């Protein structure tokens, strides 16, 4: 009797070993490429090390998978939510990293990671249902939609560096996914990145475009060494305690810890999105306490060694939606590749020199797909919008999240003691949605009984 053939991209695949080792490796590389743009952007904006970022994105992901019993297909990359915290504690000086203050900011982020651990303990003690009753589809759906839409501006800004280069990535992704066959159909992200990068490199070499308008900086790649250590002691939190300024440490902690409340909400939204995409309730099994514990420990580990805070990545959820390959082993391969590449400054330079228009084109597709997952989360869970409570909750989450994000101030700021605390639009919208769902009558979703639907996004002819 012949072995049943697995049709790639035709149906959900939970065991990627059926595809063979070579295809698993390619899928892992694709996930690594998916997280590159955003992961590399965070150290670029904050002054943190790119190599350390790649190393602890990989280590953090593996730690997360260990704690979650290797069940959740999530990749942990750099968190954008803490950029405001880094900017407040260690602002750039004339466009250059504030090397003196960055370790203090990292200390604050490590303290924020402790909040995850505390909440994980409470959920373990009292049960996830007690917590998740505050996060039904009418809350998580619009939050997921808002996550994608809030990221859209960064994608457009990146694309604007050179729309022609961005369009190469977009067109290749769409064509490969719609009309591609076999592996071509499930690796559109890699093909989009490579195609756009090559076109940009050729155009730069030919003198058609410059680095400033979407070209590749070959000089940075040429100057970088092939092998090097990704972590420097001077960049770590441990260096601070050689001669600590306790007032600065306290200020950094007070300034950055409140951000964790927003990122926890985002974490729950991301895990809900992954659950919806894959069709399995990861909030129940392995449990929200384990996903929070994994995220928190990964953030603490990264911060202590001078890397950005980690978070579950929506970009990789988008890749899951595209490929329908839901095996966590593929994500762990991506983590290993990220760690290997972290020891090569040359590779880090190649990654870092990827044109913004290329990452923008890829992000344009992936961010849109995150929002689409949120839409399907609402639709497939049959949220009743004939009820005024549901309309009001969804409306305020979306308007506050997106409106504040794109407002002149960009955040809601207030003073706590001597520290200035800023809440992003997503944080404000999420908190308002959670509060309204808790106090308004007419709840129609019971977490203990309902399961997430298969709401992943797939582009099919």
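The values are calculated or read from the model by the stated rules, or taken from the named source; none is laboratory data. Quick caveat, the model's predicted, so the values are computed rather than measured. Counting neighbours? That spans all protein chains shown, and the Cβs are built from the backbone with ideal geometry, glycine included.
Worth pointing out:
- Region 370-401 - residue that is free of Cβ contacts under 8 Å to residues at least 24 places away in the same chain, touching a helix residue (DSSP H, G or I) at 6+ places or on another chain (Cβ under 9 Å) and assigned to a loop (DSSP other than H, G, I, E, B) and, of those, farthest from residue 137 (Cα to Cα): 385
- Flag for residue 351 being under 30 Å from residue 180 (Cα atoms) and in a helix (DSSP H, G or I): yes
- Search result, residues across region 321-337 that are in contact with a strand residue (DSSP E or B) (Cβ under 9 Å, 6 or more places away or on another chain) and outside any loop (DSSP other than H, G, I, E, B): 323, 325, 335
- Cross-chain or 6+ apart pairs with Cβ under 8 Å, region 120-133 first and under 16 Å from residue 286 (Cβ atoms), then loosely packed, with under 15 Cβ neighbours inside 10 Å and at pLDDT 80 or above: 131/122
- Residue within region 167-179 that is surrounded by fewer than 17 Cβ atoms within 10 Å (Cβ to Cβ), closer than 15 Å to residue 355 by Cα and either at pLDDT 85 or above or in contact with a helix residue (DSSP H, G or I) (Cβ under 7 Å, 6 or more places away or on another chain) (or both) present: yes
- Which numbered condition residue 223 misses (of (1) surrounded by fewer than 23 Cβ atoms within 10 Å (Cβ to Cβ); (2) closer than 22 Å to residue 348 by Cβ; (3) within 24 Å of the chain's Cα centre (by Cα)): (3)
- Of the residues making up region 168-222, those that are over 22 Å from residue 34 (Cα atoms), free of Cβ contacts under 8 Å to residues at least 12 places away in the same chain and assigned to a loop (DSSP other than H, G, I, E, B) are 206, 207, 208, 210.
- Scope region 15-28; condition more than 22 Å from the chain's Cα centre (by Cα) and either surrounded by fewer than 18 Cβ atoms within 10 Å (Cβ to Cβ) or at pLDDT 80 or above (or both); matching residues: 15, 17, 18, 19, 20, 21, 22, 23
- Hey, residue 143 part of a helix (DSSP H, G or I), within 20 Å of the chain's Cα centre (by Cα) and touching a residue at least 24 places away in the same chain (Cβ under 8 Å) or not: yes
- Check on residue 253, closer than 22 Å to residue 104 by Cα, assigned to a helix (DSSP H, G or I), within 24 Å of the chain's Cα centre (by Cα) and touching a residue at least 24 places away in the same chain (Cβ under 8 Å): yes
- The residue of region 301-320 that is nearest to the chain's Cα centre (by Cα), among those that are surrounded by fewer than 24 Cβ atoms within 10 Å (Cβ to Cβ) and part of a helix (DSSP H, G or I), is 301.
- Evaluation of residue 404 against the conditions (1) touching a strand residue (DSSP E or B) at 6+ places or on another chain (Cβ under 8 Å); (2) not in a helix (DSSP H, G or I) shows that the sole unmet condition is (2).
- Tally of residues being assigned to a loop (DSSP other than H, G, I, E, B) and within 16 Å of the chain's Cα centre (by Cα) across region 46-74: 3
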